[in-house]
Structure formats: structure tokens, C-alpha cells
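A.B. asks: One structure follows; several queries about it will come next.
The values are calculated or read from the model by the stated rules, or taken from the named source; none is laboratory data. Computed from a prediction, not measured in an experiment: that's the story for all the values here. Positions of Cβ are backbone-derived with ideal geometry, glycine not excepted, and every protein chain shown enters the neighbour counts. For the accessible areas, the whole protein counts, side chains as well, though only heavy atoms, and no ligand, DNA or RNA atoms are used. Shrake-Rupley method; radii C 1.70, N 1.55, O 1.52, S 1.80 Å.
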Amino acid sequence: MLRLTLVQPPHRDTFGYSMPPLGALRLAAVARDRGHAVRFVDLALLVRRGDLLPGHDLAARAAALLLEDAPELIGIGAMVPSMPAALELVEALRERAPELALLLGGQGPERVEEQVLARNPALDALAVGEAEMSFGLLLDELDARLRSSPQATTQHADDAKGARGANGASDAPPSRRAAVRAALRDTHTPGLVVAAQGTPRRNAPAPLLDPLDASPSPAWELAESPASYGAAAGGGETLFPIDLGRGCAFSCRFCTTSLFWERRVRYLSPARAADELERLAAQPGLHTIYVTHDLFTADRAHVLAVCAEIARRELALIWECRTRLDLVDRELLEALHAAGCRRILYGVESVAPARLDAMRKGGNSAALDAATVLERLQLAADCGVASILGLMVGLPGETRDDVEANLQLAADACERVPGLSLSIHWYTPTPGNLDMALGEAPLRFEPEYAADLVRGHDLPAGAPSERQRALVADDPEVFRAFRVHVPEHASAGELHRLTRHAHLLLEVLPRSLRLAARGFGTTLVDLLHELLRDVLEHTPLANTELWSEPRVLTREAVLGGAVAWLHTRLDHTPAHRAVADLLSYEHALFSTEAPTLLRLDHDPRAPEEPDVTALLLERHDDRVRARRLPAALADAYERGDPEALASLHATAPPDASSPDSSTQRPSTAHTTAHTTESAP
């Protein structure tokens, strides 16, 4: 029996520490089912909760914590954003436990496994791609070697209880640890790259699991509950992951999913998928299940079968998934809604055909012009499924007109489609994007933005340790994703501000921003660049938490700054007064908590009517409804006249389905496009 620990490194998670890494828990199940003593430690969760305090020695303290139960093997899972934290942790562990076996996996080292191993001698091996099969074979081999070594068998780490060395290092018998490490560095197990005699050696590839039902269920009992994750993230709705399928048959140049899963799409059987959903739904404190498959609706018939199985079992679930707009239709959306799917992230990326062609988006994406995108998003809303519209900026060859078209689409969608959220990303070239040659898309290292360019890479954001800074700065190959591509039409600062704040404004002020741009005689993209530059320059950063990104404002702060900035630039001409009224109205629809009387020159819902308007705004759950009041009733309401209040309460509010009388507050949940949890 081996003693092993699987770890998520201490990084700032994109999802606000609301979920554990799914891959690590599946590997934990592989080890558990073979009778090994396995422990899972989510260092990111511990930091957010305050069990581990951020600081320059965070990696050292995390290493001491991991060594407390004398593990013989530690596996660390790293996504691209968490690679610096993972490698710093590896160094801290090696310093305190020279004979401990250390394994790294996940999508972080994808396509640069040999380089990572050669440049980080503290590591012993890396897992390549899907790891359940190779990890199981590795554990079998390590266990067999230990059993064949009499000295290692008699000096089992279980006998080393209580003793601790300096800096938290364990005094477990060195011969057993050394035997495990030597076996790991020497193994020919498929699916690994090992440091054989100090030189990286790539073993034969491990076959993908087929059928996918061969993968064990995640070892949820080793992780803290959804309630614990939700509490650490500050409360609210808790999102937990499950992978009901893996892989993508497309080959988009901005994404490595097809490389990681070898361009094969595999699903859990409908019965097994329902089992996984049912088991996860039973976890305490869970609100929403996040189906991590990048292209869940790739096989339409299969997804319909999964939905039918959920309905047959009468499972009461709330879940969300990801796919493409050219892979949904009314029948499928209705089935998804009936099965509990309430939100879908669609990777649209761009409405510029040239950019889609250059990125090899494929499929029917070229046919998805702005009008078609809006039609599909409205169809999803009609079926009861909210949408996240995923867009990109900073693509190679992109023009300012391309960005303007994307922002106009985003504003249109936010105005017309109820419940829609935006996800706007800066194109990130990763080591896996090997066909995106540097000569074609030159990259720059911008230290000011490297710390928070890839969301979630450090703790605290913008202030990583000196060692993490050095790792990123000194290795442009392994840390390619921490370099930026900046098209000629924008600066790095403009793209950073746009991707961090534009969605916060467009979700709330879509009509106001477009009307303001027309009123100022400029484009939406130029208006946002100027607005965000000035607001961030003059607004104190409200994000003071250590895990918040630098130069990034909360929604409330950027909204308040934007509204004030716009009002100071509006004059008393009729066109500008119309902008001011609409701006006050849209902002109030979002911010209103208690009933609020809003007096405007014109009703933004009927700007052709010239008389002064009084609107009463009232919140009903996640919606705010606006009612136009006669002047006398508005005056009486403002005075607190009991008869006026009674009259209002007796009057039914307008139809909530009307977009002009109600608005739904955009979701605050974060969803990251084109990544998959997998570790190690």
C-alpha cells in the first residue's frame, strides 16, 4: 500500500474557489479503489478560507502542511494559470523532502512536458493527457516494486508516526520514499514523461479510456462539501463540476481541448451520466452542477438520451454546460431545459468571418452572422435556458472594426435576450497552440499584465512571489500563455481593461452606451476605451482582497464610475438629455433594491412622448419592474401619502415578460471558456 497525496496548488481560482479539481478526484478514486491510502488537499480553498495565509513563504508553509502525514508520492494538478504556483510548490517540497516522489499533471504542462521536466529538476515525472489509465498502471508498478524490496517493506511509512524534521519535513524512513522515487523516475508506464537518469524520457502514449464508463466516479468523500466551498467564496450559489463527456472534434487554434483529448468525443452512457448527476446532487450545499465537457451537445442523439434518462428518474437538478450555437436547436434546448439545464456558455468568439477562418473555428460557424447569433440566443431564452455569449478580442489579424462588431453584438444581445451574460476573453496563445508560430502572431512579455493576464494564476493576483515572477519571465516557451498578442489596433492596456470590464457595463447599460457613442460621434469600442481608461485612473480600487486582480474594479465600482463619467460629458441638448434619461433608467433597473421613484424628462421606453415622466421601480426577486405613474400620483407617493401607497399596492404590475417593463439582473457567476479541469 502506498501513501499518496493529490494536490491543487495555491492559486486564485477563476470560479472563486467554488469547486475542486475534478481530475484529481477521479485519480484519487483510482488510488482508493486499489487499496492505497490517498489524501486530497485543495490548497486554493485553504488559502481563500484563511487556513493558509498568503505571503512570500506560502509555498513553504503549504509544503509543510502536505508533508504532515508522511506521503510517499505527491501528485500536483496544474492548469495553465496555476503552473507558476505548482512549480514553486514542487521546489518547496523537494527542499524539505529530498527523497519524495513528485508527479505533475493536467493541462498546464501540455505539449511542453520535456521542457518542464528538464528545467525543473525537482520534478520526477509528468502525466500526459488523460491520466486515469496511466495513473492506475503506475500505482500497480510502484506497489509491486515495493513489495519486492524487503527493506522498503519493513520500513513502511506507517511506522513513522509523530516524528517531524526541520521546516515540517517528515522523518519517514528514507529508504521507502527513495524506492518510490527511483521507481517513478525509471518507469516505462505509458502516458508518462519521466526524468530517467536526469534526462526526460517520453514513454509510449496511454490509450484513451473506451468506453468512458471505465473511469471511476470522483472520490467526493475526500473533498470538502459544496457548502464549504460556497462559504469560502463568500456565500451565494455553489457550482460543482462533473464531466459527462470529454473531447472536441474541432481544431480551433485558440484552444487545446482537441489536442488534450486527441480530437475524440466520448460520453458517459446515459445511465452512468444520470448516476453521476444524482450522486453529485446529493452533496450538501450544492446549488448548480457544472458539466465541464467543452462541447456537450456534439452528439445530439446522445444528449437527448441523457435528458430522457434524467426525466425517467425524475431527478430534480439544476445544471449548466458549454457548446456551440451551431449545435443546438429548439427540440434539443427544450429537452435540456426539461432535464434541469438552466444555462449554456456558447463560444461564438467573433462575428468576423476572416477571424473565424483564421482561427479554424470550423463547423457552421461561418454562417453565424450577428443576426443569426441573436436568433439562436433568443431561441434558447424562449426555451427557458439562459445564455453566456463567449467572445474574444486580440485575435491575430484582428481590426478595430472586428472588435466594434463584437461589442455591438454583445450590446444587442444584452438588450434583447433576457438573462444573458457575457464572457469576453483576451486571446491566449498556449504551449499547445503549436501551429500559431511566433512569426505569424508575435508575442510580447508585458510584466505589468503577466501577473493577471491568465485569470487565476497567482495569489495574491498581481503580486506573485519573486520565484513565480522569475519562472514566468525566464521561460517564454513553458509560460507562453503569460505573453500577450497585441494587434495593431489596440494597446495591451486597452485590451486588458476591455476584457476585464466591458462585460460588466454592457450587461447593464447596453442601450445607453450605444446611444452615447452615437451622441458623441464615436464608436462603441472607442467610447469604452476612453471611458475605462479615465474611470480606472480616477476610481480607487475597491478590490482590496488579496486574491482580487489588480487594476480591476467590481461591477458596482465600474458602473458608478461609468455613469458619473458619462453624465459629466452630456450637455442639455435634446439628444444628450435622451442619453441621460436612458442611462439613469438602465442603471436604476440594475441597482434598485427598495422601491425607487425615478423622474426623467422622457420615458426611455417611449422617447417620442415629450412629457416629464415618473417611473416607480420595484424589485421582485431577480427582476426590477418599472411602472409609469401620473404626475399627481408620483407626487403623492413621494410625500408618502397613504392613499397613494394603497392605490399602488392594489394595482397589478406590468407584464414581466415585457423587456421594457422589467429587467433580469445579469448573473455574477464566472465561467471560463476553452478550459477543462484535469489533474494530474
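A.B. asks: Rounded, prolate or oblate, given the Cα gyration tensor of segment 464-521, with a/c below 1.5 counting as rounded?
C.D. replies: It comes out prolate by the Cα gyration axes.
A.B. asks: Sticking with this structure for a sec: Could you order the peptides 26-34, 305-313, 617-625 from most to least packed, using the average number of other C-beta atoms within 10 Å per residue?
C.D. replies: 26-34, 305-313, 617-625
A.B. asks: OK, next. Summing +1 for each Lys or Arg and -1 for each Asp or Glu, what net charge is found among the other residues whose Cβ lies under 12 Å from the Cβ of Arg342?
C.D. replies: Result for the neighbourhood of Arg342: -1.
A.B. asks: Next question. Can you work out the Karplus-derived ³J(HN,Hα) for every residue in segment 269-279? Use 6.51 cos²θ - 1.76 cosθ + 1.60 with θ = phi - 60°, whole Hz, and x for glycine or proline.
C.D. replies: Working through the residues one at a time gives 4, x, 5, 5, 4, 5, 4, 5, 5, 5, 5 Hz.
A.B. asks: Of all the accessible heavy-atom surface of segment 276-382, with the other protein chains kept in place and a 1.4 Å probe, what percent is carbon and sulfur?
C.D. replies: 50
A.B. asks: At 7 Å along the Cα-to-beta-carbon direction for both Asp534 and Arg599, put a label point, then send me their distance in nm to one decimal.
C.D. replies: It is 2.7 nm.
A.B. asks: Placing unit charges on C-beta atoms (Lys and Arg positive, Asp and Glu negative, everything else neutral), compute the dipole magnitude of segment 51-97 about its Cα centre in debye, rounded to 20.
C.D. replies: With Lys and Arg at +1 and Asp and Glu at -1, about 120 debye.
A.B. asks: Under Stokes-Einstein, with the Kirkwood radius over Cα pairs standing in for Rh, what whole-number D in µm²/s applies to segment 178-293 at 20 °C and 1.002 mPa s?
C.D. replies: Calculated translational D: 125 µm²/s.
A.B. asks: If you don't mind, another one. What shape does segment 1-149 take by its C-alpha gyration tensor, where a ≥ b ≥ c are the square roots of the eigenvalues and a/c under 1.5 counts as rounded, a/b above b/c as prolate, and the rest as oblate?
C.D. replies: Rounded is the answer for segment 1-149, as its axis ratio a/c remains below 1.5.
A.B. asks: Report, to the nearest whole %, how much of the accessible area of segment 1-101 belongs to carbon and sulfur atoms, 1.4 Å probe, protein only.
C.D. replies: Accessible surface attributable to carbon and sulfur in segment 1-101 totals 53 percent.
A.B. asks: So who's got an amide H within less than 5 Å of the one on Ile318, skipping anything under 5 residues away but keeping other chains? H placed 1.01 Å off N, in plane.
C.D. replies: Ile289
A.B. asks: So for each of 195-208, 349-362 I average, over its residues, the number of other beta carbons within 10 Å; can you give me the resulting order with the highest mean first?
C.D. replies: By packing density, highest mean first, the sequence is 349-362, 195-208.
A.B. asks: Let me ask something else. Starting from the Cα gyration tensor of segment 18-74, take the square roots of the eigenvalues, sort them a ≥ b ≥ c, and report rounded, prolate or oblate (rounded when a/c is under 1.5, otherwise prolate if a/b is larger than b/c, else oblate).
C.D. replies: Note, shape of segment 18-74 comes out oblate.
A.B. asks: How are the Cα pair distances of segment 353-413 distributed, in percent, across 10 Å bins from 0?
C.D. replies: Result returned by the calculation: 20, 52, 25, 4.
A.B. asks: Enumerate the calculated ³J(HN,Hα) couplings along segment 634-640 in order (Karplus 6.51 cos²θ - 1.76 cosθ + 1.60, θ = phi - 60°), each rounded to whole Hz, writing x wherever the residue is Gly or Pro.
C.D. replies: 5, 5, 5, 5, 5, 7, x
A.B. asks: I would also like to ask the following. Out of all DSSP beta bridges in segment 198-322, what portion is antiparallel? Express it as a percent rounded to 5.
C.D. replies: 25
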